[in-house]
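The values are calculated or read from the model by the stated rules, or taken from the named source; none is laboratory data. Small disclaimer: the values here were computed from a predicted structure and weren't measured. Quick reminder, even Gly has a Cβ in these numbers, built from the backbone with ideal geometry, and neighbours come from all protein chains shown.
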């Protein structure tokens, strides 16, 4: 059942700040990157503390350490290191972007506020039937807490996601055609982004 509860005027009056939203989305996606390139240079490999043999008189080439890149088991020359891609976003900027996104969702009639959203069983067909009531097959469902039935009924649908208030972010809000949110969850979101 659709609710009459709407966002506060302060959020609705917020214009869509595209540069700010773009910056926050890029920063969020950059923060989720998990770079795995990490090789050991000559300082990071084990061993190499002492000179392998004396400088003169052995007939072999001079060697100062066994961690040299030209030795087997030595470090890598110009070893690639894990890079931190995260970008700093001020709390005020993040909240401003979230307010801007919610206001735009309302303007585009993509935000639906309901008193509650639940399914009786954990079957996918029940979730599809529930979404048919809202005339959509693609939706982000935001509740105060995700119950077991909602989780299992939605996880097999690629165009449906169920999250609680703590899990929402700019990327997930913009990804779906419709955002269905419970009145209790909306109240909590307003407290977080005002």
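Working only within segment 157-192, note down all residues that are touching a residue at least 24 places away in the same chain (Cβ under 8 Å), outside any helix (DSSP H, G or I) and surrounded by 15 or more Cβ atoms within 10 Å (Cβ to Cβ).
157, 160, 168, 169, 176, 178, 179, 180, 181, 182
Out of 89, 106, 113, which single residue is surrounded by 13 or more Cβ atoms within 10 Å (Cβ to Cβ), assigned to a loop (DSSP other than H, G, I, E, B) and either touching a residue at least 24 places away in the same chain (Cβ under 8 Å) or not assigned by TED's automatic domain parsing to the domain that holds residue 187 (or both)?
Values: 106 fails: assigned to a loop (DSSP other than H, G, I, E, B); 113 fails: assigned to a loop (DSSP other than H, G, I, E, B).
After ruling out the rest, the residue left standing is 89.
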